[in-house]
Amino acid sequence: MKVTLVAGARPNFMKIAPIIHEIKKVQKQGKKISFRLVHTGQHYDEKLSHSFFKQLNIPEPDVNLEVGSGSHAEQTANIMTRFEKELIENRPDIVLVVGDVNSTMACSISAKKLNIDVAHVEGGIRSRDMEMPEEINRLVTDSIADYFFTTSELANKNLRKEGHGNHKLFLVGNTMIDTLKANMNRLKKPALFDENNLKPKKYLVVTLHRPSNVDDAENLKMLLNTLEETSKDYKIVFPVHPRTQKNLKKIKLSDKFIITDPLGYLEFVYLVKNSFAVITDSGGIQEETTVMKIPCVTLRKNTERPETVTEGTNILAGIDPYKFRPHFQKLFSGKWKKGGVPKFWDGKTSPRIVKQLLKIYNKK
Ligand code: UD1
């Protein structure tokens, strides 16, 4: 069978890497499966893209569509047009997309319009927040995908409600956690750690890139001020996403803050694993902190990953900086929940996916 794997933006790379490694493994065992890796070029910076390929041993993509940045419609349209051409030239049995970025949705549409099967890894999760571009990407992708490799029973339930039969749903766990577990012994201490005399469990990690938190400079300032005021003598490490850069430049921060460019995967996970807690608006980091049992305060109104709240170490603090204070105070009081790990977030998700793909396509 022929699979086309799609990766476009930073959070895709850790989700696709273990699937590629598993396909290569079963190829060596003589299984008939080949793949083409397509990078859409949605993220193109060394720090958001290439460094992840290197660190996670992802092979060079067979093709890079080089779409780059643009408005949502421009980016989506460019990916669709270029991916359609790729599919016509190299028609696979199935296109496998991961996550919820514009590349995920755009490539699913191009594939289905050519009557090619689509499998969505991480299908079925819902924030119910239509202001998030990712929610639209998830809904559109899932409305046309043929198979779903899901991270939770709730995702399966959502998909059943939307009319998908059980035969299309496979609860397999979380490929992002495959990557996390596979790299636990390869983590790298970032240079900033010793440069700033950081001590384990004595600093926070902050990541922010959602429009609701970063697109308004006043709002971002208030958020960071509240954090600064409540965070006792903990230092605050803040790797800054390109989107956040613009407004952050307008804000004067105290020397508690250690501002840095986006970090490599191995450096970032090292930093999180040794931190006291994480403040974030990312999706994937809610999952990684739950597995590493690091307290996580998510600055969002909702989450498509509710099991990180009900089972894990995550809480939702909303997006109103006036209301953050009690959450931060609770964090620094040291009385945080312990948290458990959701079912199948065990580092063995990719073998489940590849086994299932072989089963489906050997029958056809
Ligand atoms: C995208 C994803 C988001 C994911 C995030 C992780 C969508 C809708 N959003 O958001 O789900 O959590 O990636 O990073 O797909 N830029 C660079 N270098 C790059 C890429 C982008 O500087 O390599 C800058 C550009 O100015 C661009 C801005 O970052 O306009 C935003 O990039 P974009 O890919 O549109 O969305 P993200 O905010 O990164």
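Odds and ends about this structure:
- Amide H contacts under 5 Å for H241, placed H, 5+ residues apart: L208
- Between region 1-58 and region 103-165, the Cα center-to-center distance that results, in Å: 20
- Spatially proximal lysines relative to K157 (Cα-Cα < 16 Å; intrachain offsets below 8 disregarded): K168, K343
- Calculated mean residue ellipticity, 222 nm, the chain: -13000 deg cm²/dmol, from DSSP H runs (n ≥ 4) at -39500 (n - 2.57) each, averaged per residue and rounded to 500.
- Pairs of alpha carbons in region 191-332 separated by more than 27 Å make up 11% of all such pairs.
- Among T244, T298, T175, the largest mean-square fluctuation in a Gaussian network model of the chain, built with springs joining Cα atoms closer than 10 Å, belongs to T244.
- Approximate spin-label separation N196-D261, in nm, with each point projected 7 Å along Cα-to-Cβ: 1.6
- Comparing V206, V63, V97 in a Gaussian network model of the chain, where Cα atoms under 10 Å apart are tied by springs, the biggest mean-square fluctuation is seen for V63.
- Within the listed set A17, A77, A111, the Gaussian network model of the chain (springs between alpha-carbon atoms below 10 Å) gives the highest mean-square fluctuation for A77.
- Residues with amide H under 5 Å from that of G283, placed H, sequence gap 5 or more: none
- Put simply, the amide H of I94, placed in the peptide plane, has neighbours under 5 Å in K2, T4, leaving out anything fewer than 5 places away on its chain.
- With θ taken as phi - 60° and the Karplus curve 6.51 cos²θ - 1.76 cosθ + 1.60 applied, the whole-hertz 3J(HN,Hα) list for region 245-261 is 3, 4, 7, 5, 4, 7, 10, 8, 10, 6, 7, 5, 7, 10, 8, 9, 5 Hz, x standing for glycine and proline.
- The value given for the chain is a Kirkwood hydrodynamic radius of 21.0 Å, derived from the mean inverse Cα-Cα separation.
- For region 233-277, trypsin sites (Lys or Arg not before Pro) are listed when DSSP marks them as loop and at most 13 other Cβ atoms sit within 10 Å of their Cβ; the list is K249, K250, K252.
- Reported to the nearest whole Å, the Cα centre-to-centre distance from region 256-289 to region 169-232 is 2.
- Those aspartates and glutamates that a straight Cα-Cα span of less than 15 Å connects to K15, excepting residues fewer than 8 apart in one chain: D100, E122, D178, E287, E288, D346
All of the numbers you see were taken from the coordinates with simple rules; none came from a lab. All of these numbers come straight from a predicted model, not from anything done at the bench. Heads up, the Cβs are rebuilt from the backbone with ideal geometry, glycines too, and the neighbour counts pull from every protein chain shown.
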